[in-house]
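Worksheet: the structure to be examined is printed underneath.
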Amino acid sequence: MRQAVETYFREMNMVHGTGSGTGETSFYPPLVNLLNALGASLRPRVDAISQLRNTGSGLPDIGLFTHEQRSALEEGDAIISVPPSRGVLEVKPLRDDVVAIVRTEQVTRYVERYGQVLVTNYRDFLMVDRDSSDEIRLSERLAIAPDERAFWREARDPHGYANEVGDQLAEFLHRLLVRQVSLTKPEDVALLLASYARDMRVRLERQKLDDLAALREALESSLGISFRGEDGDHFFRSTVVQTLFYGMFSAWVLQKRDIGRRAADQPFDWRTAGYNLRVPAIQTLFHEFTGPGAVRQLGLTDVLDWTGEMLNRIDAGPFFARFAEDHAVQYFYEPFLEAFDPELRKQLGVWYTPHEIVTYMVERVDTVLREELGVARGLADDNVYVLDPCTGTGSYLVGVLKRIHQTLRDEGADALTANDLKEAVKHRLFGFELLPAPFVVAHLQLGLALQELGAPLQSGTNERPAIYLTNALTGWDLSQANTTAQLRAHNLLGDLERERNAAGEIKRDRPILVVIGNPPYNGYAKIGIDEERDLSDAYRSAKRTRQPQGQGLNDLYVRFFRMAERRIVEQTGRGVVCYISNYSWLDGLSFPAMRERYLDVFDRIWIDNLNGDRYKTGKVTPEGRPDPSMFSTGQNREGIQVGTAISLLVRREAHDGTATVNYRSLWGTTKPQQLLDSVAGVETTPYETVEPAPALGFPFAPMQQSADYL
């Protein structure tokens, strides 16, 4: 999109350089070309048309038509019978003032007739439309130059000018082109949220964050991370923006889904949104970010206003129908972060876990609890404490909740079922998350899941899911005193302190029996986590096999394995670890001591090798057919580059010291269905029991495919 803006500046310069153009109409082509370049990426495509056939007095300068409408115009229909569905533009010379233009009777007539008008002088862009009371209002505005002279001075360097303002201008015009579309699809809302979020991030990048210094220091102390240096500044700004936008979105959802209350029918107002957020830590972060001083001084008010207006345009009925039906909560965060900050998303390893993987892992854990550990009711047992240490948007905890609900139904659900589900979410299904934005979404998703199961959390109470904003890799056996003192010094009203202490109590005192999840594969090293780095030391020295080589033990997922192993083996004494992760630990040269240790401390090990590796196999099966990543979805067709495996490790209370290893390798495009088939009792690729040999990795059976899935 930035390239289209650069072309706009270059073409404006060409017209200006002739010295013979008029102040207004001669510059139509560059603006029309810019709008068409942006509109070409939309579905349906949007075309800008100027100098229309049948034009006459009172017609707008430029109309925005869908591709189908343009076809009708080309067949000779009058513009009055084919009104531009995406609004119109009123264009004036660069010297004119857009606010003065807006006050004209002509613009008022356009708003009444077309619903939306963009008034512009090529350097200042102002949307005019109607508010919820049907009154004409000034809406979004973007000025890329304060006056005509400044515009031409900057436009002499089209490339440099586009680098400076191109993203903002393209985002602004893109929102114009889709503004009149009915918002019913969660993915459309996510992309618009990301558009406004990028605008806010640009504003924050142009100024210092002194007004948020106390909050920054408090988050560093609470989470054990450091937002230092250029990368740390970027990460903190992204954290601020994401928390604001997902706080707003969550508050909007909770308001609209609060069935039976008058608030559900009221317009959404971001200024009071924090009161809809049940978790004190989320409320505190949101209020700190949106406090009047910070918002005004940081220049964020108008962006928040525009976002609030967008949320009020959502057609809630169709939206929520798709929101539940399409697993939209899970899909919602990843597309947002991909559109908002794709590089950060890659560094953080934020990937949506497909529901087939979640369902399979939850069902397998439920089975081994019953068959290997003698827990007859599986995950539904009141003494089974479950932890997802990298909970993200909460998919695994929702999966566990649904498995518990199914067990209760099978047992004969009664009037106490709703209470049992709510108690499980509040007191024994634990989630830890380091990033505030997915933390907000996870609370939202668990709350909605409870509502759908007939066990809603009560508004105006302290009821909340047991998901905590914390670093899952630290605080398991260390005193909280130093951090507590630091948080008090930062006057954050104790909410972050209480959040960390509650998480610390779970880490140290709860007899966690199940650790499940999808740990991040690579660490975002720039945020400087300290205490966790020694977690992999236990895997750096082997007793009976060759010593580790290379740097593989530095991968972040290894620390999550060690945290889970220590929790189950050394603290609870029995239990289950079930992760989907990078599969490099199965045969890599860095991991013989890790494999040796697991053979020593666990009793049963199941490995589902899901392949899909770009580097080892080129994402191709042994027969040369496609072998995509398990994380390849409709929203993210590429998936991830490394191969993955589901590891299920079981420790019995009467540990005998010798693990049995069961291995299978799944290939091809039907791997998700193969997983679902296996939990349904249709086993097309059975496990093979293999003889442990940690020096070479678990000795895999020949990489064969089941004929049923060729």
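The values are calculated or read from the model by the stated rules, or taken from the named source; none is laboratory data. Bear in mind the structure is a predicted one, so any value in this text is a computation, not a measurement. Heads up, the Cβs are rebuilt from the backbone with ideal geometry, glycines too, and the neighbour counts pull from every protein chain shown. All accessible areas refer to the heavy atoms of the entire protein, side chains included, with ligands and DNA or RNA removed. Shrake-Rupley method; radii C 1.70, N 1.55, O 1.52, S 1.80 Å.
For R595, the criteria (1) assigned to a helix (DSSP H, G or I); (2) in contact with a strand residue (DSSP E or B) (Cβ under 9 Å, 6 or more places away or on another chain) hold in every case but one, which is (2).
What about G550, is it surrounded by 21 or more Cβ atoms within 10 Å (Cβ to Cβ), over 30 Å from the mean Cα position of the chain (by Cα) and not polar (S, T, N, Q)? It is false that G550 is surrounded by 21 or more Cβ atoms within 10 Å (Cβ to Cβ), over 30 Å from the mean Cα position of the chain (by Cα) and not polar (S, T, N, Q). Scan region 631-659 residue by residue and report those that are among the small types (G, A, S), modelled with pLDDT under 80 and under 21 Å from P519 (Cβ atoms). Selection gives S632, G639.
Which of the following residues is out of contact with any Phe, Trp or Tyr (no Cβ under 8 Å at 6 or more places or on another chain) and modelled with pLDDT under 95: N518, N554, N582?
When all the criteria are applied, what remains is N554.
Filtering region 564-583 for residues that are out of contact with any Pro (no Cβ under 7 Å at 6 or more places or on another chain) and free of Cβ contacts under 8 Å to residues at least 40 places away in the same chain leaves a non-empty set.
For region 640-654, the set of residues classified as open to solvent by 60 Å² or more (accessible area, probe 1.4 Å) and without any contact (Cβ under 8 Å) to a residue 60 or more places away in the chain consists of A654 only.
Residues in region 540-571 that are within 12 Å of S590 (Cβ to Cβ) and out of contact with any helix residue (DSSP H, G or I) (no Cβ under 9 Å at 6 or more places or on another chain): G550, Q551.
For every residue, the table says whether it meets (1) in contact with a Leu (Cβ under 9 Å, 6 or more places away or on another chain); (2) over 19 Å from L556 (Cα atoms).
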site	(1), (2)
M594	yes, no
F602	yes, yes
D608	yes, yes
D613	no, no
D627	no, yes
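The residues of region 7-48 that are touching a His at 6+ places or on another chain (Cβ under 7 Å) and surrounded by 19 or more Cβ atoms within 10 Å (Cβ to Cβ), listed by number, are L38, D47. In this structure, D537 does not qualify as part of a helix (DSSP H, G or I), under 23 Å from E371 (Cα atoms) and either open to solvent by 40 Å² or more (accessible area, probe 1.4 Å) or touching a strand residue (DSSP E or B) at 6+ places or on another chain (Cβ under 7 Å) (or both).
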